[in-house]
Structure formats: C-alpha cells, structure tokens
Amino acid sequence: MVTLEKYKGQNPAWCPGCGNFAILKAFKEAMVDLRLEPHQITLVSGIGQAAKLPHYTRCNTFNGLHGRALPVATGIRLANHAMPVIVTTGDGDCYGEGGNHLMAAIRRNINVKLFVHDNQIYGLTKGQPSPTTGTGTKAKNTPFGVISEQFNPMALAVALNCGFVARAFAADTAHLSGLMKEAVNHNGFALIDILQPCVTFNKVNTYDWYQKRVYHIEPEYNPEDRIAAFTRSLEWGDRIPIGLLYRNNRPTFEEQVPMLAAGPLVHQDFDPSRIEETLREFY
Ligand SMILES: Cc1ncc(C[n+]2csc(CCOP(=O)(O)OP(=O)(O)O)c2C)c(N)n1
Ligand code: SF4
C-alpha cells in the first residue's frame, strides 16, 4: 500500500517558514491519495529552490538544466507515455529561462503536469526580480524598481488554449493537493501556478499579503468558458482568484503520434540492426 512514508526523501534545506514545505506536503498527499507508488511516477525539475523538491521526496526523478525541465519531461513522456510525469519548477526557471519551452509544451498539449512554485523572485540566487515580480518593485539589482511589465502566466496559458489552467496558494495545502490530483487526472498538459511565499527575499508578497487577497473561485463558475477564464486570469491586486480557471479536452500530443499507438516505446520491440537504415533515411 502506498504511504506518505514511502515518499520520504532527504531533509529539506529550505529556510524555516518557506512556502515550499507546504507544496512538498501537498504533493506527497496528492500522490498517496491517487494511489501512485513512488516507482510509478517521474518527477522532473530544473534549477532553483523549487527545483530541489525532487531531492526531498523519493520517486523517479531527473534534475535538468536551468529552465529545461519541460523538454526533459517531454522526452520522458514520449519514451513511456504510460507513466505520469510531473514537473516542479520556479517562476524564474519556468517563466524566465524556460519561457519558450512553456509555450511549446502548452501548444503541443503533451500530457505533463507543471507545478510552478511562484514566489515572484529568484530565491536560490538571493532575490533578483523574476518575470512575476511586480512592476516597480525595488530589489537588490533593481534599486530604482522593476521596469518590465509583470508576467501573467494564467493569461498566457488561457490565450494559448492550455488544457488545464489553475492557481493555488501554498498555505491552502488541502486545496492545492486537490488541484494537483485534478491535474494528474486531466488528460493533457496542466499548469498550476502556486503562490509561494519566500520569507527570506520577498518581503512584499508575504503570507499575510496573500491571505488578504486570495479567494476561492465560486463552485458555479464554468471553467470551460474561455472568455470568462481570460477575464478571471487578469484579476490581480486586491483580489486574486485561486482554483481551476480554465479547462478543455483537446487531444494530447501523445495521442497523435502514430508510433505511440502500439504502446509505450519502452515496451516496443527494438531492432538495433535498423539504426543504420534509419540514419541513412535522414542523411
Ligand atoms: C543558465 C543558468 N543561468 C543562471 C543560473 C543561476 N541560477 C541558479 S538558480 C537561479 C534562480 C532560480 O529562481 P527560480 O526559478 O525563481 O526558483 P526559486 O529558487 O525562487 O525557487 C538562477 C538564476 C543557472 N544555474 N543557470
Ligand atoms: S530563499 Fe526563499 S524560496 Fe529559498 S528556501 Fe528560503 S524562503 Fe524558500
């Protein structure tokens, strides 16, 4: 039987009070509730505090380069599309370094689940502004305030017709865990942007700041209404919606790749003598 104990990894080296602890807890609870054994899933990350989460759990894991978790996850899915693949990443890693990969993954609708620990700062490198840092925010290397427009991951995802677009708040762990389960069960690419307080370097977006602003999207909201989702995705400031903003059921990338119809590539017969012939075809 799958238990939380089975998912126990190294002891986290995050700062006491960091929002990442709650995300780790929600993740493990979601996997246990889904009855997924640690060997049945693969967790992929890039570089950063968020990207260390795979060290603090115990399952199949892969640490990619900064911003490159999604291409790695895509490769893993294509090699074995029977295995759930989850990416855990930071806002800098995913929306900054890996921004183009995010757009490609959404457009492909590869069946990968993307959990972004959005602390609106580069945490591991000690507090430089990230794409989601508010315009005007003063940080160590922006003493006159951030000049660039604040990146809106929810609006971008809805605009690209992403299959599953949700926002959560790390301190609302039960709600986050529920959304993680929904994301894993969704047939297609899923993005959860998780508001994660960084108690050391982000003195603006604190637990208290979020507690005063986040609200649950009402149960009667229709997540299949794309225009309503776009309107909701623009809400930021005094009121920040959390929950499922948008969902659709377009076909996944894997479903449309003819070579995968016969089952996962890892289980298909492989004839090494055909490598030369295949190489010649593309030469
Ligand atoms: C190509 C590359 N550029 C820069 C770095 C340095 N670096 C390591 S972690 C990091 C920031 C990570 O920030 P974020 O993704 O927001 O994650 P957090 O640490 O806040 O969880 C940077 C810039 C790197 N490792 N590789
Ligand atoms: S620096 Fe921020 S994100 Fe990193 S562990 Fe500390 S509180 Fe968490």
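The values are calculated or read from the model by the stated rules, or taken from the named source; none is laboratory data. These numbers were taken from a predicted model, which means no experiment stands behind them. Glycine also receives a Cβ, built like all others from the backbone with ideal geometry; neighbour counts cover every protein chain displayed. Accessible surface areas use protein heavy atoms only, side chains included; no ligands, DNA or RNA. Shrake-Rupley method; radii C 1.70, N 1.55, O 1.52, S 1.80 Å.
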Quiz item: Restricting to the stretch 101-134, what's the tally of residues that are touching a Ser or Thr at 6+ places or on another chain (Cβ under 6 Å) and either without any contact (Cβ under 8 Å) to a residue 24 or more places away in the chain or within 15 Å of ligand 1 (Cβ to nearest atom) (or both)?
Solution: 7
Practice problem: Please give the strands (runs of 3 or more DSSP E) falling wholly within the stretch 16-108 in which 1 or more residues are open to solvent by less than 50 Å² (accessible area, probe 1.4 Å). | Solution: 42-45, 85-90
Practice problem: Please go through the stretch 231-254 and pick out each residue that is touching a strand residue (DSSP E or B) at 6+ places or on another chain (Cβ under 8 Å) and assigned to a helix (DSSP H, G or I). | Solution: R232, S233
Exercise. Please give the number of the condition L65 fails out of (1) out of contact with any His (no Cβ under 9 Å at 6 or more places or on another chain); (2) in contact (Cβ under 8 Å) with a residue 24 or more places away in the chain; (3) within 15 Å of ligand 1 (Cβ to nearest atom).
Key: (2)
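So in the stretch 75-100, with the set limited to residues that are within 16 Å of ligand 2 (Cβ to nearest atom) and touching a residue at least 40 places away in the same chain (Cβ under 8 Å), which one is nearest to A262 (Cα to Cα)?
Restricting attention to the stretch 75-100, the residues satisfying the condition of being within 16 Å of ligand 2 (Cβ to nearest atom) are 88-96.
Adding the requirement that they be touching a residue at least 40 places away in the same chain (Cβ under 8 Å) leaves 88-95.
On the way: T88: 30, T89: 32, G90: 35, D91: 37, G92: 38, D93: 35, C94: 33, Y95: 35 Å.
By that ranking, first place goes to T88.
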Exercise. Evaluate the stretch 127-138: report whether one residue or more is surrounded by fewer than 16 Cβ atoms within 10 Å (Cβ to Cβ) and within 13 Å of ligand 2 (Cβ to nearest atom).
Key: no
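Based on what the data block shows, is D91 closer than 23 Å to T142 by Cβ, of a type outside the set (S, T, N, Q) and in contact with a helix residue (DSSP H, G or I) (Cβ under 6 Å, 6 or more places away or on another chain)?
On the way: closer than 23 Å to T142 by Cβ: yes; of a type outside the set (S, T, N, Q): yes; in contact with a helix residue (DSSP H, G or I) (Cβ under 6 Å, 6 or more places away or on another chain): no.
No: the conditions fail for D91.
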Quiz item: more than 18 Å from F201 (Cβ to Cβ) and of a type in the set (V, I, T) - does that describe any residue in the stretch 170-179?
Solution: yes
Practice problem: Report, by residue number, each residue of the stretch 17-52 that is out of contact with any Cys (no Cβ under 9 Å at 6 or more places or on another chain) and free of Cβ contacts under 8 Å to residues at least 40 places away in the same chain. | Solution: F21, L24, K28, V32, R35
Quiz item: For the stretch 147-219, which helices (runs of 4 or more DSSP H) that fit wholly inside it have 2 or more residues that are touching a residue at least 60 places away in the same chain (Cβ under 8 Å) and either touching a Gly at 6+ places or on another chain (Cβ under 8 Å) or open to solvent by less than 10 Å² (accessible area, probe 1.4 Å) (or both)?
Solution: 153-159, 173-185
